[in-house]
């Protein structure tokens with residue numbers, strides 16, 4: 001799924017990890033979310049990360065693959081709450 005509306009809403013939020021900004025829409029790196037070689041996961045699995053946190057996440061500097069997947073799941077839940085508060089709508 002691709003959603004310019006969701007990606008734009010994600011970019012307006014503060015970084016879900018450090019609270020900084022500006023944020024980028026960071027896609028999940030997990031195959032369970034559709035990630036494949038050269039294929040981004042669905043836009044439904046995006047969280048706001050600042051440039052530094054996004055790079056650290058994509059390069060697995062925040063933990064192992066398993067730890068990164070667990071962090072991402074927590075970030076995704078937090079992001080969904082932030083979107084509902086910020087926009088008071090579902091951004092899917």
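Any read-out appearing in this document is the output of simple, stated calculations on the displayed coordinates, not a laboratory observation. Given the structure is predicted, the values throughout are model-derived calculations rather than measurements. With ideal geometry, Cβ positions are generated from the backbone for all residues, glycine too; neighbour counts draw on all protein chains shown.
Compute the acute angle (0 to 90°) between the alpha-carbon long axis of helix 65-87 and the principal axis of greatest extent of the alpha-carbon atoms of the chain; round to the nearest 10°. It works out to around 10 degrees. For the chain, the gyration tensor built on C-alpha atoms gives an oblate shape. Its axis ratio a/c (a ≥ b ≥ c) is at least 1.5, and a/b is not larger than b/c.
Treating r as the C-beta distance of residue 71 and residue 40 and R0 as 25 Å, the FRET efficiency rounds to 0.85. A straight chain from residue 80 to residue 7 at 0.36 nm per residue would run longer than the Cα-Cα distance by 25.0 nm. Of the residues 10, 85, the one with the fewest other Cβ atoms within 10 Å heads the list, and the complete ranking is 85, 10.
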